[in-house]
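Some notes on the structure that comes next.
The values are calculated or read from the model by the stated rules, or taken from the named source; none is laboratory data. The structure presented is a predicted model; accordingly, all values stated were derived computationally and were not measured. Here the Cβ positions follow ideal geometry from the backbone for every residue, glycine too, while neighbour counts run over all protein chains shown. Heads up: the accessible areas ignore ligands, DNA and RNA and are worked out on the full protein's heavy atoms, side chains in. Shrake-Rupley method; radii C 1.70, N 1.55, O 1.52, S 1.80 Å.
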Amino acid sequence: MANGVDRLTEVMDRLRSPGGCPWDAEQTHESLVRYALEETYEFADAVESGSRDEMREELGDVLLQVVFHARIAQEHSDEPFDLDDVANTCADKLIQRHPHVFEADDVTVGQASGDGVAQPTTASAVRERWDDIKARTQGRDSVMDGVPAALPALARAQKVLGRATRAKLDVRDPAGVGIGQQLFALVARAQAEGVDAETELRDATRAFEAAAREAEAAVTQDSPEEPLTGT
């Protein structure tokens, strides 16, 4: 029997091929984007709920999106690629951005490597080196390049702040005291305290939702509906 990833790939091939599923056959990268976003958020919910069964299922749904897009990409007439290409590109990237792991066999951790760059010994130092390698290999002109515009506003604000902080930029905040500036100030506080603003807001919203459901149930219990009577 094929392993799990091979089996999933075979199932997707069957769905996408002639005689398979009409809905799957007509999908495009563009039509599937919203599902990729939805499945990612559902996986985040599963992680935060702590349910291992839900995590496994939702992570599978995220994997499905990768396999689906890779299957569609195979059909491109000029620049096809498949799941192996995607995986190898990812592996190459990880090796390239972790020279302290994959090129440090003969270098003592904490000592200078052959190119004169000290091997990082902390997570923050690794992150700084990752950003530096990323900027050089992708030809980015600004540390802000590559921050997705489609990110939720709260998450994007913290991403931008994080990039600026790691680059040690002295940024003069635009003047203003509107709601947007106040929200941004809260995100800056979250960044300074090392917490994820998006997660914190989701947790607070989840707690409020639970309290609202309890209040709703209490109202329903205290005010039962009058039974309907005939006239």
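Here are the numbers for the structure shown:
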item: Subset of region 16-41 (residues that are assigned to a helix (DSSP H, G or I), open to solvent by 60 Å² or more (accessible area, probe 1.4 Å) and at pLDDT 95 or above); result: Pro22, Trp23, His29, Glu30
item: Flag if Gln181 is out of contact with any Cys (no Cβ under 7 Å at 6 or more places or on another chain), surrounded by 10 or more Cβ atoms within 10 Å (Cβ to Cβ), modelled with pLDDT of 85 or more and closer than 29 Å to Gln96 by Cβ; result: no
item: Number of the exception - Ala46 against (1) surrounded by 15 or more Cβ atoms within 10 Å (Cβ to Cβ); (2) over 30 Å from Thr205 (Cα atoms); (3) at pLDDT below 95; result: (2)
item: Residue among Asp196, Asp145 that alone is modelled with pLDDT of 85 or more, farther than 28 Å from Asp45 by Cβ and out of contact with any Asp or Glu (no Cβ under 9 Å at 6 or more places or on another chain); result: Asp145
item: Set Phe102, Phe81: member being modelled with pLDDT of 95 or more and open to solvent by 60 Å² or more (accessible area, probe 1.4 Å); result: Phe81
item: Scan of region 138-164 for residues that are within 13 Å of Glu198 (Cα to Cα) and among the aliphatic types (A, V, I, L, M), ordered by number; result: Leu151, Ala153, Leu154, Ala155, Ala157
item: Selected residue (only one of Val67, Val33, Val86 is among the aliphatic types (A, V, I, L, M) and within 28 Å of Arg129 (Cβ to Cβ)); result: Val86
item: Which numbered condition Arg129 fails, given (1) surrounded by 15 or more Cβ atoms within 10 Å (Cβ to Cβ); (2) modelled with pLDDT of 85 or more; result: (2)
item: Check on Leu201, under 22 Å from Ser49 (Cβ atoms), surrounded by 12 or more Cβ atoms within 10 Å (Cβ to Cβ) and under 20 Å from the mean Cα position of the chain (by Cα); result: yes
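Yes/no matrix, rows are residues, columns are (1) part of a helix (DSSP H, G or I); (2) over 20 Å from Arg202 (Cβ atoms); (3) touching a Phe, Trp or Tyr at 6+ places or on another chain (Cβ under 9 Å); (4) not aliphatic (A, V, I, L, M):
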| position | (1), (2), (3), (4) |
| --- | --- |
| Glu58 | yes, no, yes, yes |
| Asp61 | yes, no, yes, yes |
| His69 | yes, yes, no, yes |
| Ala73 | yes, yes, yes, no |
| Pro80 | no, yes, no, yes |
| Cys90 | yes, yes, no, yes |
